[in-house]
């Protein structure tokens, strides 16, 4: 158990819909990262928040957005869903040290778009 | 961040040491080597990291060559539960504000009875 929780575990929805994925980081971790894992693209970084502020963006579509709340939990919002958005979405958290950081991953949310 | 090269797959007999190589010939002086693994569809799991010296923890050992252009992750007594995809990642420090992990294809390790 990494200490990172994600809800829901599974999500099945239809094209065009909007969903929200939730992540609670480990206690004390200020950074939250979101990654997407699809069969053809592998694990890809989407976005990072650090203490409530967006810190870095990766290959995140404009239809996707995220935020980190004052209690440090984070939500990833996916809208106008397409079949290709079906994937595993992982959240990771980290306590950032000056020189290195280990990221601890949650169990993921499996999104299926029909 | 430097690019890494890993063999796509490896087999290991249960109880034997699993030695997973990683080439990172373009690594810079301040870049760390990290290893993660992902057991089928679970979240990736941090294993170990190092800069120059060899490192050991309860999960594994990390051997980094003197020129730092390659490294080997050693699982001393592999079990069936070690069957997973192992990722070698090289990245520089980000001043305490974090940084993304760039996952390659990794090495799929199969531990066989």
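Structure notes:
- Between residue A:22 and residue A:82, the contour length at 0.36 nm per residue exceeds the Cα-Cα span by 19.6 nm.
- Whole-number percent relative contact order across chain A, with pairs defined as alpha carbons under 8 Å at least 6 apart: 37
- Percent antiparallel among DSSP beta bridges (both partners in the protein assembly as shown, rounded to 5): 90
- Put a dot 7 Å past the Cα of residue A:51, heading toward its Cβ, do the same for residue B:17, and the two dots end up 4.3 nm apart.
- Net length gained if the chain between residue B:77 and residue B:52 were fully extended (0.36 nm per residue, minus Cα distance): 6.6 nm
- Taking the fewest neighbouring Cβ atoms within 10 Å as the starting point, the ordered list for B:34, A:100, A:35 is A:100, B:34, A:35.
- The smallest convex shape that holds all Cα atoms of the protein assembly as shown, its convex hull, gives 118 Å³ per residue.
Bear in mind that the values in this text are calculations on the coordinates, not laboratory data. In this text, all values refer to a predicted model and were calculated from it rather than measured experimentally. Because the Cβ atoms are built from the backbone with ideal geometry, glycine has one as well, and the counts that use them run over all protein chains shown.
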